[in-house]
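Notes follow the structure.
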Amino acid sequence: MGRLSTVPTYDDVGYFASGTDLLQSIRQDGWRGLSAFLGRDELHSPYSISLAALAYSVGGFNDAAPYAANFILVAVYLCAVAYFVRGCRLADFCLVLWIALMLPFASLAVAEFRPDPAWAIVTGFSVVFVLTRENFFDGWRAAAIFGVLSGLALLIKPSTFALTILALGAAFGGRWLLQCAQTNPRQAGRALWPSLLAAGLAVLVIAGPYYAFRGKNIWDYFYINSFGKNADVWTATGSRWQQWTFYVRKSGAGSNLGNLYWAVLLGILGLSIWHFRKSSRTGRWKTILLWLVLAAIYAVNSVESNKTLFLGGAFYGTLIFSAAFFAGALLTRTPNDSSNYPSRALLVTAIVMTLLYRWPGYSKADHDRNSASRATSWKSVQQDLPISPPPGKILVTQAGPIVPENVRIWYLRQNLQTSVQSCAFLRSLDQFKQRLETADLVITQDQGIHGNVADLPAEPLQNEFIRTLKSDSAFHLKNLIPIADEKNIYIFARAKASAYTTPRPY
């Protein structure tokens with residue numbers, strides 16, 4: 001059993017669908033197909049969509065292909081860690097990379113096909129890069145690199161643009177304050193503008209076209225889900241203390257740093273204290289600024305009502321690369337022989353973390369009836385999806401166990417275009433009836449079915465949706481699929497669109 005033994009679910013499946021659509025559009029119509037795709041897809045993450053399309057073009061329409069393509073992200077992660085320990089002797093260098101791989105943070109980059117791990121890596125590296133880079137303001141090259149990285153971070157996960165700008169802006173501003181301390185405000189001011197111009201131009205070149213094209217969509221998505229009508233869906237429960245400690249408790253830190261997350265946090269704190277004590281005035285300022293930016297990122301994450309282990313990515317990315325910087329400084333300042341204490345401590349740490357390694361709990365496959373019911377019910381539903389002609393519009397009333405994007409993928413991979421709409425965020429029966437007026441096929445389910453998403457607004461309305469469809473003379477029940485606990489999935493077809501043919505596999 002594993003992730004690939006059942007049906008893809010959120011967030012992965014959304015990028016699978018868009019990646020499939022992108023590849024099919026390019027294959028069919030080339031540049032015109034690409035233009036058409038850009039006009040109809042919301043491009044929630046250009047990075048994940050492009051990587052999914054690339055993976056499918058190489059590995060075929062196999063759901064394992066995008067996960068295999070994540071090796072690119074792991075390689076980038078290791079290169080980022082290597083940058084901060086590049087001056088160490090080979091044995092220490094390899095041990096640091098191994099320890100970095102033993103963190104669940106690295107495993108999530110493989111096990112989850114979503115933009116969050118990539119965003120965390122690029123954002124975290126950028127923060128530590130700008131704050132620790134020597135002679136950052138001597139010329140424009142380092143600033144241009146920072147600008148390219150900032151643009152990539154904004155493209156990888158556009159919906160977190162606010163936190164990305166805050167984190168990277170705070171890091172850039174902190175580095176300039178350090179420059180003031182190293183020289184003087186006037187000299188630092190003269191050095192600021194060329195670097196600011198180089199970084200700004202790089203950001204505009206990388207991310208500007210996308211934000212010019214999709215800026216309103218990005219803002220609407222951010223506002224609706226953070227402050228608007230869907231904010232309540234994502235609001236985390238718990239006391240104020242639980243809200244503020246989410247990212248240093250098992251719920252957040254355990255999923256990114258491992259079961260001994262408290263030891264990892266204490267270890268990083270110890271490294272930072274050592275660096276502060278042993279460093280020059282400039283080195284001490286770097287330590288202080290790193291912790292100030294970390295504190296700012298943590299505060300924003302804590303104030304935000306939505307709490308997930310992925311939204312804390314910028315915090316964990318910055319934390320891990322800060323630890324790599326501190327470790328690199330420690331290991332390059334100690335005697336270069338096998339008996340020195342830091343090297344021995346590094347070896348012990350690597351052994352302990354290897355023995356205690358556990359696959360991220362969030363990404364473990366459900367070895368229960370939820371997983372089995374999703375796979376079984378989806379196979380049954382496929383047998384009743386019409387292809388000749390394909391329906392003009394399909395409604396799927398929940399986000400599980402039948403996931404709307406899986407229906408969309410099924411049609412796309414057969415080169416058939418149909419509109420598949422999710423009703424999971426509908427909040428009233430009237431809203432459903434409006435959608436129903438133009439629907440040709442409806443896939444719905446009993447309330448409380450295993451594999452559902454109980455927090456979504458439409459879940460309490462499922463039984464009302466079913467009663468409405470049963471009483472609507474324009475629809476007839478095409479199939480009823482029983483699954484666990486006497487719950488059912490229902491497929492209703494509009495009478496005029498009931499011609500079915502045997503589905504062909506993709």
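For (1) closer than 29 Å to Ser322 by Cβ; (2) in contact (Cβ under 8 Å) with a residue 12 or more places away in the chain; (3) not aromatic (Phe, Trp, Tyr), each residue gets a yes or a no:
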| site | (1), (2), (3) |
| --- | --- |
| Trp193 | yes, no, no |
| Leu197 | yes, yes, yes |
| Ile206 | yes, yes, yes |
| Trp219 | no, no, no |
| Asn259 | yes, yes, yes |
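Lys379 meets the conditions (1) at pLDDT below 90; (2) assigned to a helix (DSSP H, G or I); (3) more than 28 Å from the chain's Cα centre (by Cα) in every case but one. The failed one is (3).
Total residues in region 469-497 satisfying the condition of being open to solvent by 20 Å² or more (accessible area, probe 1.4 Å) and under 16 Å from Gln445 (Cβ atoms): the figure is 12. Taking each residue of region 287-304 that is on the phi > 0 side of the Ramachandran plot and looking for partners that are among the small types (Gly, Ala, Ser) with beta-carbon atoms closer than 7 Å, six or more apart or interchain, yields nothing. Checked against the criterion of being open to solvent by 90 Å² or more (accessible area, probe 1.4 Å), more than 30 Å from Leu38 (Cα to Cα) and not in a helix (DSSP H, G or I), region 212-233 contains not a single residue that satisfies it. Looking at Arg344, is it open to solvent by 20 Å² or more (accessible area, probe 1.4 Å), among the basic types (Lys, Arg) and free of Cβ contacts under 8 Å to residues at least 12 places away in the same chain? The answer is yes for Arg344.
I need the full set of residues from region 456-473 which are without any contact (Cβ under 8 Å) to a residue 60 or more places away in the chain and touching an Asp or Glu at 6+ places or on another chain (Cβ under 9 Å), in order please. Matches in region 456-473: Asn463, Ile466. Checked against the criterion of being over 21 Å from the mean Cα position of the chain (by Cα), surrounded by fewer than 22 Cβ atoms within 10 Å (Cβ to Cβ) and not in a helix (DSSP H, G or I), region 142-154 contains not a single residue that satisfies it.
When Arg249, Arg281, Arg333, Arg277 are checked against the criterion of being within 21 Å of Asp92 (Cα to Cα), among the basic types (Lys, Arg) and either without any contact (Cβ under 8 Å) to a residue 60 or more places away in the chain or surrounded by fewer than 17 Cβ atoms within 10 Å (Cβ to Cβ) (or both), a single residue qualifies: Arg333.
Screening Ala106 against (1) buried (at least 24 other Cβ atoms within 10 Å of the Cβ); (2) part of a helix (DSSP H, G or I); (3) modelled with pLDDT under 95 leaves a single unmet condition, (1).
If you check Asn406, Asn415, Asn463, which single one turns out to be part of a helix (DSSP H, G or I) and open to solvent by 30 Å² or more (accessible area, probe 1.4 Å)?
Answer to the check: Asn463.
Within this structure, Thr245 fails the test of being in contact with a Leu (Cβ under 7 Å, 6 or more places away or on another chain) and more than 20 Å from Phe425 (Cβ to Cβ).
The condition (being touching a Gly at 6+ places or on another chain (Cβ under 8 Å) and not polar (S, T, N, Q)) is satisfied by just one residue among Ala231, Ala199, Ala191, Ala144: Ala199. Within region 84-106, residues that are touching a residue at least 60 places away in the same chain (Cβ under 8 Å) sit with their Cβ atoms under 8 Å from residues that are assigned to a loop (DSSP other than H, G, I, E, B) and open to solvent by 30 Å² or more (accessible area, probe 1.4 Å), at 6+ positions apart or across chains, in these pairs: Arg89/Asn336; Ala91/Ser338; Met102/Tyr357; Pro104/Arg358; Pro104/Trp359. Listed by position, the helices (runs of 4 or more DSSP H) enclosed by region 235-307 that each have at least 3 residues that are over 24 Å from Gly328 (Cα atoms) and under 19 Å from the mean Cα position of the chain (by Cα) are 281-303.
Selection of region 110-141 for residues being at pLDDT 95 or above and among the hydrophobic types (A, V, I, L, M, F, W, C) yields Ala118, Trp119, Ala120, Ile121, Val122, Phe125, Val127, Val128, Phe129, Val130, Leu131. Among what's in region 418-460 and is among the hydroxyl-bearing types (Ser, Thr, Tyr) and more than 30 Å from Arg27 (Cβ to Cβ), pick the residue that is surrounded by the most Cβ atoms within 10 Å (Cβ to Cβ). Only one residue tops the list, namely Thr444.
The values are calculated or read from the model by the stated rules, or taken from the named source; none is laboratory data. None of these values were measured; they are calculated from a predicted model. Positions of Cβ are backbone-derived with ideal geometry, glycine not excepted, and every protein chain shown enters the neighbour counts. Please note that ligands, DNA and RNA were not included when accessible areas were found on the heavy atoms of the full protein model with its side chains. Shrake-Rupley method; radii C 1.70, N 1.55, O 1.52, S 1.80 Å.
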